[in-house]
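The structure under discussion appears below in the form of structure tokens.
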Amino acid sequence: MQANVQQFPPFREPEPAHGHDDHGHEHHEPGFWTKYVFSSDHKVIGIQYGMTALCFLLFGFFLMLLMRWQIAHPTQPVPFLGPLLAKTLGPMAAGGVISPDLYNAFGAMHGTIMVFLGVVPLAFAAFGNYVVPLMIGAPDMTFPRINMASYHAFFLGGVVMFVSFFIPGGAAQAGWTSYSPLATTIPTNGQAFWLVGMVLLITSSLLGAVNFIATIIQLRAPGMTWMRLPWFVWAQFVTAFILLLAFPPLEAAGVLQLMDNALGTSFFLPTGLAVAGKVGEASGGGSPLLWQHLFWFLGHPEVYVLILPAMGIVVEVIANNTRKPIWGYKSLVYSVLAVGFLSFIVWAHHMYMTGMGQKIATFFQATTMIISIPSVIILTCMFLSLWGGSIRINTPMLFALGFLPMFGIGGLTGLPLGLAAADLYLHDTYYIIAHFHYVVAPGTLFALFAGVYFWFPKMTGRKMNEFWGRVHFWCSFVFMNLVFMPMFAQGIKGMIRRMSDGGVNYSAARVPGAIDTLPGSVMELNTWILWAAVGLGLAQIPFIINLFWSIKHGEKVGTNPWQATTLDWHTPTPPPHGNFPKAPRIVRGPYEYNAPGFEGSFAPQAEFPAADHGHAQPAHH
Amino acid sequence: MNDWFAYHILGLPERAALGAKPIDDLMVWVHYLMLVLFVGWVAYFCYALWRFNERRNAKANYGGSTSSMPKYIEVIIVVAEAVLLLGIAIPLWGKNVQEFPDPKSATVIQVMAQQFGWNYRYAGLDGQFGTQDMKLISEKNIFGVDPKDPGGKDDVQLYNGNIHVVVDKPVIIYLSSKDVIHSFKLVAMRMTQDAIPGLRIPLTFTPTKIGRYQIECAQLCGGGHSAMAGGFVVVESQDDFDAWMKSQEAKVAAAAAGPQSFE
Amino acid sequence: MEIPYTVQNRPDTGIYNAKLGIWLFLASEVMLFGGLFSAYVLLRAGSEPGMWPHGWLDVRLGTVNTLLLALSAITTLLAWAACKVRDFRKFKIFHACTILLALAFLGIKSYEYHDKFIHYEIALNDGTFVDGHLVEKSADFDLKKKTGTVTLHGRAVTDRKELMDLRAPEAKAATLEEHVVAAADIKKMQNYGPWHNTFTAIYFTMTGLHALHIIGGTLVIFYLWGPGSRMWKTDPERFTNRIEVSGLFWHFVDLVWIFLFPVMYLT
Ligand code: HEA
Ligand code: HEA
Ligand code: CUA
Ligand SMILES: [Cu+2]
């Protein structure tokens, strides 16, 4: 803590009641249901999204843990949980052993849940909902009721996905990519549930996206020009556009595949399909690649939906804790716009192995290389922001800093995948798994943790425990790498992903005499990864306890514990309904830390003209 | 140098095909670039964190870095990526999908993937595949061979087990699938190709080492995906190959004498 | 603070919230139908030569429906204009027309659907085909038990291809008469539902999705026309905005049809 910190916010904190009748909200203290379940307040909705997403993250984590057990100890019953699985899932987990079908279900659902029910709702919906309106000085989202509908659609989608585990035949088993014809030929209704769930989740995202964009365009406070937006808002803005335009084609594809499954159409089924002996009844004439194109047209932009909000959080945290403006704000803005646009024209780099000709391959290799440039620029800006800063290490900052090299690894390993000839070797190996987990797990997840620790005081008026926060960070950091680093080695050696036995069938032990088998050393890594993953799970316990404990017992702090400049820290904590007791006027850029000409280590973006109510004038100049 | 890095640092498995070397080289070059970037960045990163910690730097410098270094680095990265892309990756892929050897001087095999194994088909002595039609596909007739066509009479057809190819002689495989999408992966040949129902995709490689290699199914194809490990490519000398082919022909003849069937 | 620009335009963006909202929503709708249209193109381009149907749909009905929607677009515009000049009576009349036109459209569409569902293609054991509209099934008709007969009004052909292009001269020349088929001779009997082939599949999907949009739009317009119009007394300006926004949606739905009609009926 520097000595020269002033107390902000500049206005005397009005007690909530005052804040209310001030601005003629004639509604009275709402009851539980209207307050926590059917609320249309962006802050409540944000928290709803957040908690639901965290629960799904944990669920997705446990699915993964079961998978890792199966990979390390194929055909051995799961310890502790085995009997429970056998009871709830029946034949698929007979004797507590995870059958290959069940493994595939877990794999598909782990991916689906982590992406669509974990990270997107947390990174985009939760933080976006809570923070964006505060940052731009808006009273709420533009369409509060639609906002509520968006959450309910999301929740319903989650329920559908969850229920699908317990139907006969089990949940979807064709991977989160749901390639046809497999997705249509597996004898379970799980796929239908998956599709219905997806349509609900997509609807939710679309409603959210419309709301975010409209809010950012329409509800910016006076003086909040585009180039004064905190970069986090830019990131959310671009993310919203990606969701708005990339999701509908998947919705279309979902409808088509649903028809294939339910009505016996053949959109994705070619002529002469002979599944398990009998030649299919389907009319044929469809195209399996059509599905892949429609899926990846969303699928790739989706991955930037997973990363951009995370980058936004990291930028906010870094700017705040280096106590200086973020380096190259303009480049950041243009880069994120570039990424958003380019993300729509790289999708087929997931399809090099589908028999792609030279022309198309050239195009997609080029775009894929090009899109890595703005990402590099974004990372570079983050790095250079450290230079000349007065770096303050606290839990949010630790996670933000942890993000950088982790995303670096994940991003850099994307490059060989982008080059078709190298991908020729790496495609569908664990190298891919390692690549994208480095960006989404130690990357995005760390950024999200940073966000939780960073904005927790805004939501509750209390800080989360610093010590346990650091424990959480260091343990997570170590175990994350212990989990994913070995996967690169496995992938390079040719271990295929999505194998319920962790590659035993291709191992030297099982296939004597063959030259290119998986060596025992590589197989052993499976066991290491399992225990690393267990450690990773244990590392989350301090976080979970810390989170709930701090709500009541955390250290009490003022409205602006981090001495931040952005608007979200210059409204009462927690913000009243309507957010700003007095309309703010934005007078400067988002990151005026240690700016020459201001005493104090930071100059808030906003002034609150004392028009009415005679509040104190802003303290500076 | 490259190979040392490929085998000992990256840990690539040994290769056994003509086209494998360039692919490994590409891998190596990309990873050099990645390594340099990563090390460079991390070094800077650690220094910055140490140098500009609030204990050492109580008041932040509003201006921050004014060095034009980053611009140069960006440019270098762009150039490096451009070189990799235009200089190596694109031509290599072109070679991979466009330059096919003359079928007469190659071992030509049809491969039809199914849940959960591989079906192989050789043209037989007459070097002539029987005409095929997707509509004729059935459990007995996986390739949908037209029984009326004499060209198909001596075709050799196998399920799983070993397919034999000749060392140093190009192999052309026409890959397809009868049910769901599979993927034909030969690690040592640095070869991967999805097997997609309704499509017939050619792929080629030239084995250079005698031995037995396993075919991995690299695409999720259902409950048996991980167990779809029954296929092998046996690379052997021309003589051994001919001997093997003869024995297969004999089997076919015997079968033809009896009721036509592929078992 | 209250949410601003719910009725008035924001000066610097020159638009009010709901209008921006609907434009964004329509952008995503464009991508939705865009995805389906590209699916149509891919399926058609990839179809076996000679197996993509032509002339399976009644162009006359299609044209009538196109006109109906075009008219409804105009009445929607007029209804909004009426609000603008504060003429509530006219508004009521025009939007009443819109609703009726929409219902007429749906009526015709469902007739077309029904016509496809009673249209059967029968593959006989001898390898020939009988194709036509269902006239009657005998009381004891049962495919599994192979009892009874079914009567179709249509034509018998030896090659399935002949059924595809109904614009071909020989298809035009063919005389339609009643064919009585015994269940025992039937290999496969299937009506022209979505499952029949990729054309019917994409046809039912796209027109069906479009019909859902029509239904949704009609419900909204009906609400604004009926109960929702109470707002006219309290806040005419906001009400006018609602009419404008719902109108924008309606015009989009019409526009989609303008693309669907040639793609499905004429090519
Ligand atoms: C957040 C998610 C995310 C992100 C950001 C990325 C980023 C990138 N991805 Fe990744 N990708 C996925 C998620 C993501 N990916 C997923 C989920 C899959 C698998 C889907 C499936 O099949 O199931 C996948 C698969 C995938 C493939 C398909 C592989 C295959 O299936 O065969 C390809 C191929 O081109 C690819 C390429 C890239 C590239 C070039 C980038 C580039 O944008 C990366 C650009 C970034 C950089 C170049 C790093 C820049 C940083 C620095 C230079 C600083 C370094 C700093 C330090 C070291 C301190 N990815
Ligand atoms: C955002 C996306 C995301 C995230 C975050 C993760 C996280 C993880 N994934 Fe995930 N994974 C995917 C997306 C993701 N995954 C996808 C798309 C696939 C491909 C699926 C397919 O093949 O189709 C996949 C597949 C996949 C595989 C390969 C399976 C196979 O190919 O056979 C493996 C194997 O180890 C794996 C492991 C892990 C691990 C160890 C984590 C860990 O990082 C988990 C870390 C999470 C935690 C530590 C929990 C954090 C939660 C909390 C702290 C909760 C707090 C709760 C409260 C307060 C209530 N994943
Ligand atoms: Cu076949 Cu996986
Ligand atoms: Cu991608």
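Here are a few things to note about the model shown:
- Gyration tensor verdict on region C:1-87 (Cα atoms; rounded if a/c is under 1.5, prolate if a/b is larger than b/c, oblate otherwise): oblate
- Taking the DSSP beta bridges with both ends in the protein assembly as shown, the antiparallel portion is around 80 percent.
- Site pair B:VAL36 and B:ASN57 shows an inter-label distance of 2.7 nm when each label is modelled 7 Å from Cα along Cα→Cβ.
- Computed from phi, the 3J(HN,Hα) profile of region A:126-136 under the Karplus parametrisation 6.51, -1.76, 1.60 (θ = phi - 60°) reads 5, 5, x, 4, 6, 8, 4, x, 5, 5, 9 Hz, with x in place of Gly and Pro.
- For region B:183-197, the Karplus equation 6.51 cos²θ - 1.76 cosθ + 1.60, evaluated at θ = phi - 60°, returns couplings of 9, 8, 10, 10, 4, 5, 8, 6, 10, 9, 7, 5, 9, 10, x Hz by residue, with Gly and Pro reported as x.
- Where only DSSP H runs of four or more residues are counted, the protein assembly as shown gives -17000 deg cm²/dmol as its mean residue ellipticity at 222 nm, each run worth -39500 (n - 2.57).
- Overall form of the protein assembly as shown per C-alpha gyration tensor (a/c, 1.5; a/b vs b/c): oblate
- Contact order for chain B, expressed relative to its length and based on alpha carbon pairs under 8 Å spaced 6+ residues apart, stands at 20 percent.
- Dipole of chain A, positive direction: furthest Cα of A:MET114, A:PHE488, A:PRO584, with charges on the beta-carbon: A:PHE488
- If R0 equals 56 Å, the separation of the Cβ atoms of A:LYS552 and A:THR527 corresponds to a calculated FRET efficiency of about 0.85.
- For region A:181-250 versus region A:449-479, the inter-centroid distance based on Cα atoms is 27 Å.
- If you sort the three axes of the alpha carbon gyration tensor as a ≥ b ≥ c, you get a/c of 1.5 or more for chain A and a/b above b/c, which makes it prolate.
- Annotation: aspartates and glutamates with alpha-carbon distance below 19 angstrom to C:LYS137 (same-chain offsets under eight excluded): C:ASP115, C:GLU121, C:GLU177, C:GLU178, C:ASP185.
- Built amide H within the under 5 Å cut-off of C:VAL135, gap 5+: C:THR151, C:LEU152, C:HIS153
- FRET efficiency, C:ILE93 to C:ASP12 (Cβ-Cβ, R0 45 Å, nearest 0.05): 0.75
- Sorted by Cβ neighbour density within 10 Å, fewest at the top, the residues A:ARG585, A:ARG220, B:ARG190: A:ARG585, A:ARG220, B:ARG190
- For region B:144-216: lysine pairs under 26 Å (alpha-carbon distance), excluding those fewer than 8 apart on one chain: 6
- Amide H contacts for A:ALA595 (H built 1.01 Å from N in the peptide plane; partners 5 or more residues away or on another chain; cut-off under 5 Å): A:ALA603.
- Residue order, fewest to most beta carbons within 10 Å, for C:ASP115, A:ASP101: C:ASP115, A:ASP101
- Chain C: relative contact order in percent, alpha carbon pairs under 8 Å with at least 6 residues between: 23 percent
- Helix C:88-117 axis, angle to chain C major axis (alpha carbon atoms, nearest 10°): 20 degrees
- When only Cα pairs below 8 angstrom with a gap of at least 6 residues are kept, chain A shows a relative contact order of 17 percent.
- Burial ordering of B:LYS59, B:LYS246, A:LYS463, fewest other beta-carbon atoms within 10 Å first: B:LYS246, B:LYS59, A:LYS463
- Extension gain for A:ALA94-A:LYS330 works out to 79.2 nm (0.36 nm per residue, less the C-alpha to C-alpha distance).
- Membrane-span-like helices of chain B, defined as complete DSSP H segments with a Cα extent of 27 Å or more along the helix axis and a mean Kyte hydropathy of at least 1.0, are identified as B:20-51.
- Relative packing of peptides A:254-261, A:90-97 - highest average C-beta neighbours within 10 Å first: A:254-261, A:90-97
- In this simple spin-label model, placing a label point 7 Å from the Cα along the Cα-to-Cβ direction at both B:SER68 and C:VAL41 gives a separation of 4.5 nm.
- Excluding same-chain neighbours fewer than eight residues apart, the lysines reachable from A:LYS552 by a Cα-Cα span under 16 Å are A:LYS458, A:LYS463.
- Peptide B:229-241 is shielded by partner chain Cβ atoms: per residue, an average of 2 of them sit within 10 Å of its Cβ.
- Here each label is just a point 7 Å from Cα along the line to Cβ, and for C:ASP185 and C:THR147 those points are 2.1 nm apart.
- The distance linking region A:79-126 with region B:98-120 is 38 Å (Cα centroid to Cα centroid, whole angstrom).
- Computed lengthening from C:LEU124 to C:PHE259, 0.36 nm per intervening residue step minus Cα-Cα distance: 44.8 nm
- For region C:217-227, 3J(HN,Hα) computed residue by residue from phi via the Karplus equation (6.51, -1.76, 1.60; θ = phi - 60°) reads x, 4, 4, 4, 4, 4, 4, 5, 6, x, x Hz, glycine and proline entered as x.
- The amide H of A:ALA606, built 1.01 Å from its N in the peptide plane, has A:VAL587 as neighbours under 5 Å, considering only residues 5 or more places off or on other chains.
Values in this text are rule-based calculations from the coordinates and carry no lab data. Since this is a predicted model, take the numbers as computed values, not measurements. Note: ideal-geometry Cβ built from the backbone for every residue, glycine included; neighbour counts use all protein chains shown.
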